[in-house]
1. Sequence gap at least 6, Cα distance under 8 Å: using those rules, report the relative contact order of segment A:76-206 to the nearest whole percent.
2. Over the alpha-carbon set of segment A:1-54, divide Rg by the Kirkwood Rh and report the Rg/Rh ratio to two decimals.
3. If the cut-off is a Cα-Cα distance under 15 Å, which aspartates and glutamates reach B:Lys168, setting aside same-chain residues fewer than 8 apart in sequence?
4. Compute the Rg/Rh shape ratio of segment A:162-217: radius of gyration over Kirkwood radius, all on alpha-carbon atoms.
5. Which residues' amide hydrogens lie under 5 Å from the amide hydrogen of B:Val218, considering only partners 5 or more residues apart or on another chain, with H built in the peptide plane?
6. How many nanometers, to one decimal and shortest first, lie between the label point of A:Ser93 and those of its other copies, if labels sit 7 Å from Cα toward Cβ?
7. With contacts defined as alpha carbon pairs under 8 Å and 6 or more residues apart, what's the relative contact order of segment B:142-229 in percent?
8. How shielded is A:191-197 by partner chains, expressed as the average number of their Cβ atoms within 10 Å of its Cβ atoms?
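Read-outs throughout are calculated quantities, based only on the coordinates presented, and are distinct from any laboratory measurement. Model, not experiment: these values are computed from the prediction. Neighbour counts run over all protein chains shown; Cβ positions are idealised from the backbone, glycine included.
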2 protein chains.
Amino acid sequence: MSLGESIPIVGGTGALGFGLALRFAAAGRPVAIGSRDADRAGEAAAKVRERVPDAQAEGLENAEAATRGPVVFLAVPFRAQSENLTNLKEALSKGQVLVDCTVPLAAAVSGKATRLLGVPQGSAAQQAAEMVPDGVTVVSALHTVSARALGRLEAELDEDVLVAGDSKDAKRRVAELIGLIAGLRPVDAGRLEVARLIEGLTPLLISVNIRHKAHAGVKLTGLPDALWP
Amino acid sequence: MSLGESIPIVGGTGALGFGLALRFAAAGRPVAIGSRDADRAGEAAAKVRERVPDAQAEGLENAEAATRGPVVFLAVPFRAQSENLTNLKEALSKGQVLVDCTVPLAAAVSGKATRLLGVPQGSAAQQAAEMVPDGVTVVSALHTVSARALGRLEAELDEDVLVAGDSKDAKRRVAELIGLIAGLRPVDAGRLEVARLIEGLTPLLISVNIRHKAHAGVKLTGLPDALWP
């Protein structure tokens, strides 16, 4: 496989990353599951192939996985985001898009999952934008979809994914991929700095979920039908 | 009218406050519209009576209005929140609930409406909680419903209102009032500190609205039917 053919998922053995890999594979797209440990990545890829007949899924070390396609999903815990981006510096190359899915929950520093950390750059996504090599564009997305629901193919999704970024073209490419997952509607939420507000949705939903014993998602009302023409 | 009979709305001549007054009046509840200027409040009350036959609406100075019922809505711009709370110190009394609807948009200090200010206490609602007299409970709500839609009775609403606060009883009382407005579903979002995340929804929706030329609202998916038993 060469750049352009696969969907790399850094942190693809975690709940969100694995759920994304499964859903993209189910949509017929080859996925490159990354992990710190290539063996664990390989096991996750095998699990995807087991659940999705004809899936094209390979397991690799994160940096290796990141070279496998033009739009790289970063689905690691915020605690490990900075370390992962440092490790990806040599792997990422000009023209690639990095989709940051991390959320700076206070749980990253042994605080509550209903609280958001203040990130010096404004948001986890802006921290990512500061750390990626020149020519790599960061898009922020996928903070509110339940990892658990993504990981169960029989679970029907019906929610919105807010997408933020400074490059319209990069946002559109990410939106096209998200649109491959049945039941997810990508919504352009604006510039990358808006990620600060979007990342706050995760602890908010966690707080709602605790109260209602639910797995809430977000849907915006009042939007036109053709969202991403 | 005495305490307990009416719904006071401080800032009831503004777009959000007037919309709330109109909707509560349409639901058959007496409203006390407050304004800095009693005459302007009186004009707004007359407008409510004009649009809602049999409406019980009176217009008063803010501090006077605030004494008219047990659950007081504070619907002023964030720029004026602190000043209003100072003016209400003598008017509010033990046992009352103050519903803070203000949003600390950067627009309050000539910044962008797609940006949220950092409030020292954490959120506008927490600033309100610090300023109200002892025995008055603050609940945070009504940040995402379009004031424009509230103000047009023919506009059908179908969205959620996230409600945060440290008193379950106070939240329930506010939820009951919000539930009077057709098409609004109150959702318990947790403790008052979560207001910080909820207030961020407003600039986020404004950013979405700019991009999509829409008036987006919020709806949470995956919640149980009986939200506020």
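1. 27
2. Checking Rg against Rh, the ratio lands at 0.93.
3. Output for B:Lys168: B:Glu176, B:Asp188, B:Glu193.
4. Using Cα coordinates only, the ratio equals 1.06.
5. Answer set, sorted by chain and number: A:Thr221, B:Asp160.
6. 7.6
7. 35
8. Mean partner shielding for this stretch: 5.
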